[in-house]
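Shown next, in structure tokens, is the structure this report addresses.
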Amino acid sequence: MSNIARDASKQNIFKSMDEIKFEQTISHQCGVTMNDSVEARAIAEFMGEDPKVTVTYNPATIRIDGEGKLIFKMDEIGEYLGREMTAEIFEVNTSTHYGRMVRVDDNTVVLFGNMDEVFEYIE
């Protein structure tokens with residue numbers, strides 16, 4: 001297991017019910033849950049290099065969470081993976097997400113936690 005995967009596996013966004021404090025606030029968080037696969041692990045390891053991104057490995061899924069927005073660049077992920085990554089392959093590996101997902105172009109998928117930033121992409 002790489003150091004990145006080992007360090008990322010120590011992080012966990014999930015809390016027990018006694019640790020949860022309910023507040024009426026907007027978090028601006030966003031994230032994606034991916035089915036565990038070679039591609040999903042590469043995406044998680046690549047995105048996990050950003051200190052503002054939290055990666056959580058579960059038995060069958062991988063969560064990638066961030067604040068504000070997460071930008072997935074297919075060419076950069078593909079270079080890390082060692083083969084072509086497309087937005088379609090990304091979407092196949094994604095089981096769910098939260099925040100607003102926008103496919104900017106064939107190379108870029110952005111998840112927005114701050115909904116005000118989405119408006120520049122809406123016609």
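Numbers at a glance
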item	result
Farthest toward positive dipole pole in the chain [+1 Lys/Arg, -1 Asp/Glu at C-beta], among I89, I122, M47	M47
Within the chain: Cβ-based charge dipole about Cα centre, in debye rounded to nearest 20 (Lys, Arg +1; Asp, Glu -1)	500
Qualifying aspartates and glutamates (Cα of each under 19 Å from Cα of K15; at least 8 residues distant if same chain)	D7, E23, D65, E67
In sequence order, calculated HN-Hα J values of the stretch 57-74 (Karplus, 6.51, -1.76, 1.60; Hz; x Gly/Pro)	9, 10, x, 10, 9, 10, 9, 10, 10, x, 10, x, 7, 10, 10, 9, 9, 4
Histogram of C-alpha separations across the stretch 21-71, 10 Å bin width, %	25, 49, 21, 5
Surface accessible to a 1.4 Å probe, R103 within the full protein complex, Å²	90
Residues N58 and F119, FRET efficiency given R0 of 22 Å [Cβ-Cβ distance, rounded to 0.05]	0.10
Fully extended contour minus Cα-Cα distance, from D50 to A87, at 0.36 nm per residue	11.3 nm
List E49, E117, ordered by accessible area with a 1.4 Å probe, largest first	E49, E117
Helix-only [θ]222 nm of the chain, DSSP H runs n ≥ 4, -39500 (n - 2.57) each, per residue, nearest 500	-7500 deg cm²/dmol
Selection from Y80, T33, N58 lying farthest towards where the dipole of the chain points positive, charges on Cβ	N58
Cα gyration tensor of the chain - equivalent ellipsoid semi-axes, whole Å, descending	23, 21, 11
Area of D75 that stays accessible when all protein chains are in place (1.4 Å probe, Å², to 10)	90
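The values are calculated or read from the model by the stated rules, or taken from the named source; none is laboratory data. Predicted model, so just to flag it, every value in this text is computed and none were measured. Here Cβ is always computed from backbone atoms with ideal geometry, including for glycine, and neighbour counts include all displayed protein chains. Only protein heavy atoms, including side chains, enter the accessible area calculation; ligands, DNA and RNA are left aside. Shrake-Rupley method; radii C 1.70, N 1.55, O 1.52, S 1.80 Å.
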